[in-house]
Amino acid sequence: MLPAVFLIAVFMTMAGRGGGNFYVLLQVIAGVSMHLAASTGQLIMFFTSLAALIVFQKHRNVAWRMALFLGLTTSLTAFFGGLLAHLFTGTVLKLVFATLLVIASLLMLFPVAGGKSPASRSRGHWRFEASGVSIVINLWLAIPFSIATGFFAGMVGVSGGSFLIPLMVLACRMPMKLAVGTASVLVGATAGMGFLGHVVESGVDWSWALPQAAVAVVGGLIGGKLALKTRPKVLKQIFAYTTLAAAVFMYLKAFA
């Protein structure tokens, strides 16, 4: 169990994702309830992201304005998602979770590339500089997308990183490496608030979750260092198919 958590932490950090889909799937395979799986996955992602953030910030690979903007919307709605998760049965959560996996895998199958920022300002767009790069946020797309991502991520115990990376690169014209570093802040904020929501209503088994979180911290540190030397988009093709396989497995579990 712990070696699997470590490997997931390393590779998910390199890809700019929280890895909640894999963590939750791992918990479900281990036989715990979907609610405990979701809360444990959120705690693991929170500590992994904090560890990775130390590495990314050291190399100035984080766009803090972007992180603050998207982090506020995703973390607040993630809290309510986690808070309301108890209203749904484990089967419903598994179906929602599996559907998110399918969407994430499809997004990862298509190349995500940045481009030059628009030359002129337009209504509904926010421009600023980060690490020497001009960033433009399309508010018409970013606000509703980040709100929905945070809510459903908090409900089923994932970080939403699979959706936020394409959002930052496509809608905000952010370079991939900078987006990966910024994602560590967003994943941590979403996972942390989602975890609190789950704890309020369902509680958490600390003896089960803390050892996994400790191992994930080491994985996050190593994954962060490797991410600075590797192109995360190369790994996205691999993760796309494994994520799709995980979705199929979860659909089968939901109807079993």
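Odds and ends about this structure:
- Restricting attention to the range 44-98 and to residues that are assigned to a loop (DSSP other than H, G, I, E, B) and aliphatic (A, V, I, L, M), the residue that is surrounded by the fewest Cβ atoms within 10 Å (Cβ to Cβ) turns out to be Val62.
- Residue within the range 49-65 that is closer than 14 Å to Leu210 by Cα, among the polar types (S, T, N, Q) and more than 12 Å from the chain's Cα centre (by Cα) present: no
- Of the criteria (1) part of a helix (DSSP H, G or I); (2) more than 15 Å from the chain's Cα centre (by Cα); (3) under 14 Å from Asn61 (Cβ atoms), which one Thr230 fails: (1)
- Residue match in the range 109-123 (condition: among the aromatic types (Phe, Trp, Tyr) and modelled with pLDDT of 80 or more): no
- Selection count, the range 190-223, where residues are among the β-branched types (Val, Ile, Thr) and either surrounded by 24 or more Cβ atoms within 10 Å (Cβ to Cβ) or not in a helix (DSSP H, G or I) (or both): 2
- Count - residues of the range 155-175 that are small (Gly, Ala, Ser) and either modelled with pLDDT of 80 or more or closer than 17 Å to Leu68 by Cα (or both): 4
The values are calculated or read from the model by the stated rules, or taken from the named source; none is laboratory data. These figures come from a predicted structure and were not determined experimentally. Ideal geometry is used to build each Cβ from the backbone, glycine not excepted, and the neighbour counts take in all protein chains shown.
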